[in-house]
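Beneath this line is the structure, given in C-alpha cells, with notes to follow.
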Amino acid sequence: MNKQTFAFLLSILVPSLCWPVTPQDRQRLDQFAQKVIAKSQKLAGYPVNQDTSLDGFYAWYVKSKLYRASMNNVGNPRNQSPYSINTHSFENEVVDYFAKLYGYKEDDYWGFVTGSGTDGNNHGIYYGRKFLQAKSTVPPIIYVSEEAHYSIKKLADVQNSELRLIKATDMGQMDLDDFEKQLDPTRPALVVIALGTTFKGAIDDQAAIRKVLAEKHKGPEYIHLDAALFGGYLPYLGGEAAGLVNQQLQKFDSIAVSGHKFFGFDEPLGIFITTKEAFGNLNPFHVPYLNDAVPTITCSRSALDPLKFWWKLHSTRMDQFQVISTNLLSNADYLLEKLQAAGIKAWKNPYSNTIFFERPPGEILGKYDLAPDESPVFGKLAHFIIMPHVNKKLMNGFIKDMASWKAQAPTELQ
Ligand SMILES: Cc1ncc(COP(=O)(O)O)c(C=O)c1O
C-alpha cells in the first residue's frame, strides 16, 4: 500500500485525526461554550465557584505565548528540578501564602498545588500512613465520619488501609460516642476530620476529637483535615471561624483544600500542606534525573494550575476575599430564612454556606443542578450551596420556585 492510499484509508477510519477543524466544528464549539457559560451561572447544587475571573490571566497567557512550551511541575517544588521549564517558584509562593493563612509555623511545612481536593486527601492519607509507619509497625486504622466525602472511603481502599466509618449526628457531625467506641487504642490512628461535610456542611468538632484521642488512645496519631470547600472561606472570616483552620490551634498535621471550589478556577485544582515532620517520612526512592525523591504520588503535574493560583492570589486583595466570604454566609442566612418563611423544611449548620431542605420535584432540581440525598431523619433532601457567583437574583428565583411548589403541594397529614 502506498503512502497516499494509507493516508486516505486512515482519514476514513479516524476522520477527526485527519481533517482540520472546520467552520462547522468551530460553530459547534462556540455553541457548546455559550451553553456552558449560560448554565454555569445557574448552578447551585455543587460547591464550585463559577465566578472564575481569569480574563486577565488568559489575556496575559495568550500574549506571552507560553502555551507554546510544555511545562511540567514534576518533582519537589522546593528542590531545583533538572526539568527546568516548570512553575515551582510560583507554586512555592502559593504554598507559602496558604501555610501562613492556615497558621503553620514558619519553616515547618511542606506543600504543593494539587490536581483537586481528592488529590490532597490522597496525599493526607499517604503522608499519614508513612508518618505512623515510622512510629509503629502496627498497621493504622483510618477513622472518618460516614457523612465525610466519599473520596476518603475510596482512597482508604486504594491505599489498602482499614477504614472505620464513624456514625454521624443528625446534622452531619462525627458522633463522638461512636468514635470513642470504635477507637482502637492498640493501633495507630489516622483521623480524617471533615470541615465541612459535602451534603450538610457540618464541621466535625476538632477539640472534642482531640480530647477523645488524648483520653482513650495515646498512641501514634495523625490528623488530616478535609477542608475542600470551607478551607477556602473560613480563614477570611477571622475570629473563631479562622481558628478552625489554624494548624497551631487545631493541631492537625495536614490539610487539603480544593482551589476550584471557593477560589474559582476553570478546572479542578487544590492545595495540600503538611508539617515537615510528616514530610520527613516519605519513601526515599531517589530519582537521580529529578534531583530528589519525588514526594508527590503523581509524577507529572500541571505547571499552569500553580500559575493560575498565583495570579488569583495576586489579583485579589485580602479585603476582597473577606467581603466574598462574609457575603457567602449572609446569603446563606438569607436563603434559609426565606425558605423557612415559605413553609419549607430547611436546615443549615454553623459557618456553613450549604442549606439543605426537603426535596422539591425534578424540574426544580434540574433547573438549578441541585444534588439529591436521603436521610433517615429528614427524609428526601436536596441542597443549595451559596458560592460567590450566587447572587440575590438567583436566590430569589429559587425561593419563588420553591414557594410555588410548596403552595401547590398537598398538605401533609399530621
Ligand atoms: C468535603 C469534600 N471533600 C473532598 C471533596 C472532593 O474534592 P474535589 O472534587 O476537589 O476532588 C469534596 C467535593 O465536593 C468535598 O465536598
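Here are some notes:
- Evaluated at q = 0.11, 0.13, 0.20, 0.24 Å⁻¹, the base-10 log of the normalised Debye intensity for region 145-219, with identical point scatterers placed on the Cα atoms, takes the values -0.26, -0.36, -0.86, -1.18.
- Reciprocal mean inverse distance between Cα atoms of the chain - Kirkwood radius, Å: 23.4
- Potential lengthening between Ile364 and Ile12 on full extension [0.36 nm per residue; Cα-Cα distance subtracted]: 122.3 nm
- Computed on region 12-100, the Cα convex hull volume stands at 218 Å³ per residue.
- Coil-residue trypsin sites (Lys or Arg not before Pro) of region 127-215, DSSP, other Cβ within 10 Å capped at 12: none
- Cross-link partners of Lys153 among aspartates and glutamates (Cα-Cα below 13 Å; sequence separation of 8 or more within a chain): Glu162, Asp226
- For the chain, a simple Cβ point-charge model (Lys and Arg +1, Asp and Glu -1, everything else neutral) yields a dipole of about 940 debye relative to the Cα centre.
- Residues of type lysines that Lys345 reaches as a straight line, Cα spacing below 17 Å, ignoring anything fewer than 8 places off in the same chain: Lys200, Lys380, Lys400, Lys406
- Whole-number percent relative contact order across region 318-408, with pairs defined as alpha carbons under 8 Å at least 6 apart: 30
- Cleavage-rule hits, trypsin sites (Lys or Arg not before Pro), region 1-70, DSSP coil, Cβ neighbours within 10 Å at most 11: Lys65
- Inverse mean reciprocal Cα-Cα distance (Kirkwood Rh) of region 318-408, Å: 13.5
- Longest DSSP-loop-exposure-free segment, GluC sites (Glu not before Pro), the chain, at most 13 other Cβ within 10 Å: 107-411
- From least to most packed, judged by other beta carbons within 10 angstrom and beginning with the fewest, Tyr46, Tyr368, Tyr126 follow the order Tyr46, Tyr368, Tyr126.
- Estimated D of region 69-315 in µm² per second, where Rh is the Kirkwood radius over Cα pairs and Stokes-Einstein applies at 37 °C, 0.692 mPa s: 181
- By the count of other C-beta atoms within 10 Å, a proxy for reagent exposure, Trp310, Trp60, Trp19 are ordered fewest to most as Trp19, Trp60, Trp310.
- Neighbour cut-off at most 11 other Cβ (10 Å), DSSP loop, trypsin sites (Lys or Arg not before Pro), region 308-343: Arg317
- When you restrict to C-alpha pairs under 8 Å that are six or more residues apart and normalise by the size of the chain, the relative contact order lands at 22 percent.
- Modelled FRET efficiency - R0 60 Å, Arg26 with Lys167, Cβ distances, 0.05 increments: 0.65
Since every read-out is calculated from the coordinates, none of them should be taken as a lab result. None of these values were measured; they are calculated from a predicted model. Backbone-built Cβ (ideal geometry, glycine too); neighbour counts: all protein chains shown.
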